[in-house]
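> Okay, handing you the structure first.
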Amino acid sequence: MYASREDIGYDFGDDSKVGSKPIKPNANIDGGWAWMIVLSSFFVHILIMGSQMALGILNMEWLEEFNQSRGLTAWVSSLSMGITLIVGPFIGLFISMCGCRKTAIIGGILNALGWILSAYAANVHYLFLTFGVTAGIGSGMVYLPAVVMVGQYFQKRRALAQGLSTTGTGFGAFLMTTLLKYLCTEFGWRNAMFIQGAISLNLCVCGALMRPLSPKDVSEIYVVRSNSEDNQAKVLSHSAESIKSNGVLGEEPEKKEEPTNEKVFDSVQHTETGGKTQSGSNMYGLRILKTVSQLTLTVRKGFAMWYSSYFGAASLFTNRVFVAFIIWALFAYSSFVIPFIHLPEIVKQYNLSSQNNIFPLTSIIAIVHIFGKVILGIISDLPCISTWNVFLMANFTLVTCILTLPLMHTYISLAVVCALIGFSSGYFSLMPVVTEDLVGTRHLANAYGIIICANGISALLGPPFAGWIYDITQKYDFSFYTSGLLYMVGILFLFVKPCIQKRQLREKSTEEAQV
């Protein structure tokens, strides 16, 4: 869904035929240009996710400028964060037509436009449209291709590659917090947003680096992964196996349309060839007709694949473990973004501004977050370690920190808790790996789009909810307690996977005993 054949390069042919041929390793897989993709994704995370983690600085400026409630003002940051992730499933339509590279470049321009237009905001509602919606959609058009392309270029060290690329969030949160604080102090928040918009144009450069793989390269990755992960495939749910047995979602309509498409193109080309003796205007009209026909067919194919992925008979939603994973994502992300948005206000209430100015608590989260992603990625790649277990342990640590943070009233204690939040939140680098283990390589883009959409809903509602509770209680304590408890509910759904695995093992042993 998330790319055309030329972009991600899925092989739509028979897998058995591919598997029967000797696989010659490509230098760009797990090496070569793959590291340029990691570098591109790293800078995307700096400019998008890092900037969003630093919005607490601008949130304070907006509170002073517009004199609105904390709940209403927090919607600006939440819209930007939420829409970046919520649009994930719908970005696939653009990628199917344009490819990852063009989609990312367009998104970079849109994101920069949102920052620049926000510099002229007259009220909070204006920021909802310019910064929340415009910049948010642009961010989503760059973020998703950056994550998916890393997964396509790596076969062996996927967790490490995703960990290295997503460390850009931590670097970005540290750098952008410092940068925005300096720009707001020296030039005011309006000029700061204008300058940040100019910096965001570098997203277009990152998109240009997303060179697509050939269909042969990606088919080789899929064959090798499928052979090396047979043991993992045995414990997947029955619905996941049914999805894999159907091959690429939406392949059947595509095959049926191919003869018709060829006839259309052949007739247009034949008419164009026979019209060489006609006037130039007729030739120009034929070329336009051919272009429109190709675009129409591309849109139809892309929409058919997108629709069948989410609503067809082989929908990803028939995978019960994946559905439980979606429910977890609905509760998880808000617990991570709430501290970034409201920590500056909490520090101000506790009269810790002088210490926080020396070394901000959000910067502590950002720096330790970098190490957390890399270390958790390295641990998960060890053959004796289960990625799922590492993922669960990190989630339990994070929810514990969220629940204990309101109990800390000194800078040292807050710094320790923030460091633990930063390290445990490094599990975000494992999300693409866990998603791929649940649904398979071919459906990674579709599935990960759904997961980040759920995360987006969480990020959209979390900070305004925390601000709304503060407006009622004049304390942030209940905001963290409530979000922590909801997060714990989401974690409980992750135990659906081992339950289903145990039941499948019992059914298998029963069938073997009967035989």
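> From the list Ile452, Ile402, exactly one residue is at pLDDT 85 or above, surrounded by 23 or more Cβ atoms within 10 Å (Cβ to Cβ) and in the same structural domain as Trp328 (by the TED database). Which is it?
On the way: Ile452 fails: at pLDDT 85 or above.
Unique residue meeting the criteria: Ile402.
> Follow-up question, since we're still on this one. What about Ser69, is it modelled with pLDDT under 80 and open to solvent by 10 Å² or more (accessible area, probe 1.4 Å)?
no
> Also, I was wondering about something else. Exactly one condition in (1) over 13 Å from Gly56 (Cβ atoms); (2) in contact (Cβ under 8 Å) with a residue 24 or more places away in the chain is false for Pro360; which is it?
Result: Pro360 fails condition (1) only.
> Output yes when any residue across segment 137-145 is within 24 Å of Glu64 (Cα to Cα), at pLDDT 90 or above and either open to solvent by 10 Å² or more (accessible area, probe 1.4 Å) or in a helix (DSSP H, G or I) (or both), and no when none is. Even if it seems obvious, please write down each step before you answer.
We begin by selecting, within segment 137-145, every residue within 24 Å of Glu64 (Cα to Cα); these are none.
Looking through segment 137-145, none of the residues is within 24 Å of Glu64 (Cα to Cα), at pLDDT 90 or above and either open to solvent by 10 Å² or more (accessible area, probe 1.4 Å) or in a helix (DSSP H, G or I) (or both).
> What pairs come out if I take residues in segment 403-420 that are farther than 19 Å from Ala332 by Cβ and pair them with residues that are open to solvent by 20 Å² or more (accessible area, probe 1.4 Å) and of a type in the set (A, V, I, L, M) whose C-beta lies under 6 Å away, six or more apart or interchain?
Correct list of pairs: Leu414/Met408; Ala415/Ile364; Ala419/Ile364; Ala419/Val368.
The values are calculated or read from the model by the stated rules, or taken from the named source; none is laboratory data. Quick caveat, the model's predicted, so the values are computed rather than measured. Don't worry about glycine lacking a Cβ; one is built from the backbone with ideal geometry, like all the others, and counts go over all protein chains shown. What goes into the accessible areas is simple: the full protein's heavy atoms, side chains included, and nothing from ligands, DNA or RNA. Shrake-Rupley method; radii C 1.70, N 1.55, O 1.52, S 1.80 Å.
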